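Before anything else, here's the structure in question.
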Amino acid sequence: MSGAKIEPVVGRYMTLEVWGRPHRIYWEEAGAGVPLLCLHTAGSDGRQYRALLNDGDITRDFRVIAFDMPWHGKSSPPAGWEVEDYTLTTQKYLELILAVSSALDLDAPVVMGCSIGGRVVLHLARRHPDAVRCVIGLQSAGMANPYYDTTWLYRPDVHGAHVCAGMVSGLIAPTTPSDQRWETLWHYMQGGPGVFEGDLHFYTVEGDIMDHIDEIDTARCPVYMLTGEYDFSCSPEMSKITAEAIPGAKLQIMKGLGHFPMSEDHESFKAYLMPVLDDIRG
Amino acid sequence: MEQLRQIANADALARRWGKNCTFVMLLGVGDENYFIRVQDGAVASVEAADGRIRSWDFALRGAASAWQKFWEPVPPPTFHDPIAMRACGHITIEGNLQKFFSNILYVKRLLELPRTARDVA
């Protein structure tokens, strides 16, 4: 007997036609029941949902699925990437989420996204309310407040791993357990060159939804929002402004958490997430 | 501030992330300015400004009250991180930003070390 602890999480690959050509997509999943499709933050990957995938209280009733976006984690960039710049847009992001959901034959999944994922679920609720059961926006706001020049994230004279981790480390709450803090940063250190910056194009430049935020119909697609108090990129105030513009949206501010609630402190996050999941399960 | 040199050079995180870091940082705490000289990942000197003209690579300056909040054991939101403090208008960051961003993990560790040691700074 080795004593190894084998997790219930299973990882697989698919080749998916998206963004006009085939992409090899990696996803992990665990559990059974209501599909819960999880979207990682800019410049990171699906490993952020590791604790969720391993939590029997959640996987008992939910089929938890976390995929790596193309260019992220184990999802490779497409052939020819070496002569391209990666740039995420609202349209591409929505197409990807719907394609993955369709490929996995998910029946009106709950879609939960963090940061850029928290933004895109608002677009999803507005434009595809019948394709999802409801959305959960983590660190979600309809707008961004850029506080630095994102070109610093990808320059030959600055180490990308150091600067990407260094710029997001302050988004983590100071009370976060050290091991979860540094695992969250490790994901950022492993991002491909220019990918974090390419994601932020959607977050800070192109993906603002405030001009159309009141078109979200929460009777067709309920909107839940959870925001950590230490996040200054998507601040509690920005989430409040967003939630107040969506009739019926339910926002909770999370104490002692920052921009990466699912990976920086799962136990604290779980205390806020479970009532939402209970509400969805009915 | 002499304690900072000792604490930093004995700190495992600072030693790990300071590898190959060389720079001079000006730390402005209210009216007090400190020149922190780092050579190959170790703090070589911490000196209070004495009126002489000196060069530095980058400077972080803010009110003493802002830094005091930053150095609380559990700092409040917007005061918990140098970038957060800059984004929320509590401090300024200026100078050679290539040097700042290149050394950001070490700089951040250096700045937060006084949290672990009372009577420093």
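None of the figures in this text is laboratory data; all of them are computed from the coordinates on show. For clarity, every value in this text was computed on a predicted model and none was experimentally measured. Don't worry about glycine lacking a Cβ; one is built from the backbone with ideal geometry, like all the others, and counts go over all protein chains shown.
From the square roots a ≥ b ≥ c of the eigenvalues of the alpha-carbon gyration tensor of the range A:91-192, which class results: rounded (a/c under 1.5), prolate (a/b over b/c), or oblate?
Judged from the Cα gyration tensor, the range A:91-192 comes out prolate (a/c at least 1.5, a/b above b/c).
Right, something else. Indicate the gyration tensor shape class of the range B:7-98 (rounded, prolate or oblate), computed on the Cα atoms with a ≥ b ≥ c the square roots of the eigenvalues: a/c under 1.5 is rounded; otherwise a/b larger than b/c is prolate and the rest oblate. Each step should come with its number before you reach the end.
Values: a/c = 1.66, a/b = 1.18, b/c = 1.40.
In terms of gyration-tensor shape, oblate.
If I take R0 = 30 Å and measure r between the Cβ atoms of A:GLU244 and A:MET274 in this structure, what FRET efficiency does the formula 1/(1 + (r/R0)^6) give, to the nearest 0.05?
With a Förster radius of 30 Å, E is 0.75.
Would you calculate, for the protein assembly as shown, the mean residue ellipticity at 222 nm contributed by helices, counting each DSSP H stretch of 4 or more residues as -39,500 (n - 2.57) and dividing by all residues, to the nearest 500?
Value at 222 nm, helices only: -9000 deg cm²/dmol.
Quantify how strongly other chains surround peptide A:222-235 by giving the mean number of their Cβ atoms within 10 Å of each of its Cβ atoms.
2
To check my understanding: the extent here is largest minus smallest coordinate of the Cα atoms along each principal axis. What are those three numbers for the protein assembly as shown, in Å, largest first?
For the protein assembly as shown, the Cα extents along the three principal axes come out at 70, 51, 43 Å.
Mind checking which helices in chain A clear 18 Å along their axis (Cα) and have mean Kyte-Doolittle hydropathy of 0.0 or more, DSSP H runs only?
Those that pass (Cα extent of 18 Å or more, hydropathy at least 0.0) are A:90-103.
Is the range A:124-282 rounded, prolate or oblate when judged by the Cα gyration tensor, a ≥ b ≥ c being the square roots of its eigenvalues, rounded requiring a/c under 1.5 and prolate requiring a/b larger than b/c?
Note, shape of the range A:124-282 comes out oblate.
Here's something else I'd like to know. At R0 = 30 Å, how high is the FRET efficiency between A:ASP149 and A:ARG24 if r is their beta carbon distance? Nearest 0.05 is fine. Numbers along the way, then the final one.
Details: r = 33 Å, r/R0 = 1.08.
Approximately 0.40, to the nearest 0.05.
Continuing with the same structure: If I model a spin label as a point 7 Å beyond the Cα along the Cα-Cβ vector, how far apart are those points for B:THR92 and B:VAL74 in nm?
3.4
Residue by residue through A:169-175, how many Cβ atoms from other chains fall within 10 Å of the Cβ on average?
6
Quote the FRET efficiency, to the nearest 0.05, computed for B:LYS19 versus B:ARG54 with a Förster distance R0 of 41 Å and r equal to the Cβ-Cβ distance. Walk me through the numbers on the way to the answer.
Details: r = 26 Å, r/R0 = 0.63.
My answer for the efficiency is 0.95.
Using only alpha carbon pairs under 8 Å that are at least six residues apart, calculate the relative contact order of the range A:211-267 and give it in whole percent.
41
Could you tell me the relative contact order of chain B? Use alpha-carbon pairs under 8 Å, at least six residues apart, and round to a whole percent. Before the final figure, lay out the partial values.
Numbers: 202 pairs, mean separation 31.7, N = 121.
Computed value for chain B: 26 percent relative contact order.
With only Lys, Arg, Asp and Glu charged, each at its Cβ (+1 for the first two, -1 for the last two), find how big the charge dipole of chain A is about the Cα centre; round to the nearest 20 debye.
That gives a dipole near 480 debye.
So, one more: Simple spin-label model, 7 Å along Cα-to-Cβ: B:GLN6 to A:GLN190 in nm?
4.0
Whose amide H sits under 5 Å from the amide H of A:VAL18, counting only residues 5 or more places off or on another chain, with H placed in the peptide plane?
A:HIS23
In whole Hz and in residue order, list the ³J(HN,Hα) couplings for the range A:247-259 that follow from phi through the Karplus curve 6.51 cos²θ - 1.76 cosθ + 1.60, θ = phi - 60°; x for Gly and Pro.
x, x, 5, 10, 10, 10, 8, 9, 6, x, 10, x, 7
Same structure again: For B:ASN33, list long-range residues whose amide hydrogen, built 1.01 Å from N in the peptide plane, is under 5 Å from its own amide hydrogen.
Residues meeting the amide H criterion: B:ALA49.
Once the other residues with Cβ under 11 Å from the Cβ of A:LEU37 are scored (Lys, Arg +1; Asp, Glu -1), what is the net sum?
Details: positive: A:ARG63, A:ARG133; negative: A:GLU29.
Result for the neighbourhood of A:LEU37: +1.
Sticking with this one: Give me, ordered by chain and number, the residues 5 or more places off B:SER45 or on other chains with an amide H under 5 Å from its own placed amide H.
So B:SER45 has HN proximity to B:ARG37.
Could you please state, rounded to a whole Å, how far the C-alpha centre of the range A:85-121 is from the C-alpha centre of the range A:262-282?
After rounding, the separation between the Cα centres reads 21 Å.
Among A:VAL18, A:VAL132, what is the fewest-to-most ranking by other Cβ atoms within 10 Å?
In order of increasing Cβ crowding within 10 Å: A:VAL18, A:VAL132.
Per residue of B:72-78, how many C-beta atoms from partner chains lie within 10 Å of its own C-beta, taken as a mean? Spell out each step's value before the answer.
Working: counts 1, 2, 4, 3, 3, 11, 4.
Average neighbour count from other chains, rounded to a whole number: 4.
Right, something else. If a paramagnetic tag sat 7 Å from the Cα of A:TYR13 along the Cα-Cβ line, which residues of the range A:43-76 would have the backbone N under 11 Å from that point?
Hits in the range A:43-76 for A:TYR13 at 11 Å: A:74-76.
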